[in-house]
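Shown next, in structure tokens, is the structure this report addresses.
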Amino acid sequence: GLDLIDVIKTDGCLTLRINRPDKANALTEAMLSDLAVAVEDADQSVLVLTGEGKVFSAGADLEDVRNGTLATSPAWERLSSAVARFKGLSLASMNGSCAGGALGMVLACDLRITVASAKFFYPVIKMGVLPQPSDPARLAALVGPSRAKRILLAGAKLNADEAFAIGLVDVISTNTLEDDTQKLIEPARAANPALVTGIKTLIG
């Protein structure tokens, strides 16, 4: 799994990059576990989740789903819980579309930035599975209950503009994604880590 996750540490920032572009960055159980461990062990003040290539992540690796229980694995929840518990600023820097369970770690982040070409969907209603336990409440907290229902019960596929309009993403990158990501994280990276944690705690 770890060869498919790039772990980059630079001056107060931990970047985890899903590096499986030939498979649309689909996630296996091993990859989810590697991501979760990296987040749980992180002591940086900023966490950035991103992907290599044109897709952020297509969600569960379908081979893994067919061969076992990846669709309902606790590994998804472990990862999103680790991201939600991260004491610093967490950011999903989406280099492309994000689908299914992969949205879990994105919803658990503090902020979300995306390239303009990305699409977002969570097709559980078509797959016949429940979403990961914490995802619907996190989704509803961002976009409101009726929009969460449109995404989860009506299988809506949103483009970046729609996702931005409803609050699913915070920024659509207009420069390079890397530059715009750096701009977003710079204040938190430069601040006292205890201050970042303190502000997050006050927001709730």
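The values are calculated or read from the model by the stated rules, or taken from the named source; none is laboratory data. Bear in mind that the values here come from a model prediction, so they are computed numbers and not experimental data. All Cβ positions, even for glycine, are placed from backbone atoms using ideal geometry, and neighbour counts span all protein chains on display. Surface accessibility is based on the protein's heavy atoms, side chains included, excluding ligands, DNA and RNA. Shrake-Rupley method; radii C 1.70, N 1.55, O 1.52, S 1.80 Å.
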Just the residues that are touching a strand residue (DSSP E or B) at 6+ places or on another chain (Cβ under 6 Å) and within 13 Å of Gly12 (Cβ to Cβ), please, taken from the stretch 177-195. Ile185, Ala188, Arg189
Going through the stretch 123-153 one residue at a time, which ones are out of contact with any Leu (no Cβ under 7 Å at 6 or more places or on another chain), under 22 Å from Ser81 (Cβ atoms) and assigned to a loop (DSSP other than H, G, I, E, B)? Val129, Leu130, Gln132, Pro133, Ser134
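Could you count how many residues in the stretch 154-188 are assigned to a loop (DSSP other than H, G, I, E, B), surrounded by fewer than 21 Cβ atoms within 10 Å (Cβ to Cβ) and not charged (D, E, K, R)?
Quick first cut of the stretch 154-188, residues assigned to a loop (DSSP other than H, G, I, E, B) only: 154-157, 167-170, 173-176.
Within this subset, residues satisfying the condition of being surrounded by fewer than 21 Cβ atoms within 10 Å (Cβ to Cβ) are 154-157, 167, 170, 174-176.
Right, trim to not charged (D, E, K, R) and you get 154-156, 167, 174-176.
Count: 7.
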Show the residue pairs meeting these rules: Cβ distance below 7 Å; 6+ apart or different chains; first residue within the stretch 142-161 and under 23 Å from Ile113 (Cβ atoms); second residue of a type in the set (Val, Ile, Thr) and open to solvent by less than 10 Å² (accessible area, probe 1.4 Å). Ala160/Thr114; Ala160/Val169
In the stretch 144-188, how many are closer than 15 Å to Asp110 by Cα and β-branched (Val, Ile, Thr)? 4
How many of the residues in the stretch 65-115 are of a type in the set (Val, Ile, Thr), under 24 Å from Gly198 (Cα atoms) and assigned to a helix (DSSP H, G or I)? 2
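Residues of the stretch 75-100 being in contact with a Pro (Cβ under 8 Å, 6 or more places away or on another chain) and not acidic (Asp, Glu), which ones? Quick ask: steps written out before the conclusion?
To start, the set of residues in the stretch 75-100 that are in contact with a Pro (Cβ under 8 Å, 6 or more places away or on another chain) comprises 77, 87-88, 99-100.
Scanning the stretch 75-100 gives Lys87, Gly88, Ala99, Gly100.
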Could we say that Thr72 is closer than 23 Å to Val129 by Cβ, open to solvent by 50 Å² or more (accessible area, probe 1.4 Å) and either touching a Pro at 6+ places or on another chain (Cβ under 8 Å) or among the β-branched types (Val, Ile, Thr) (or both) here? yes
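If you go through the stretch 10-64 one residue at a time, how many are of a type in the set (Val, Ile, Thr), modelled with pLDDT under 95 and assigned to a helix (DSSP H, G or I)?
Number of matching residues: 0.
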Mind telling me which of the residues Lys23, Lys54 ends up being of a type in the set (Lys, Arg) and either touching a Phe, Trp or Tyr at 6+ places or on another chain (Cβ under 8 Å) or surrounded by fewer than 16 Cβ atoms within 10 Å (Cβ to Cβ) (or both)? Lys54
Sole exception among (1) in contact (Cβ under 8 Å) with a residue 60 or more places away in the chain; (2) buried (at least 20 other Cβ atoms within 10 Å of the Cβ) for Lys87, by number: (2)
Filter the stretch 26-51 down to residues that are of a type in the set (A, V, I, L, M, F, W, C), more than 23 Å from Asp110 (Cβ to Cβ) and crowded, with 17+ Cβ neighbours inside 10 Å, then give me how many there are. 1
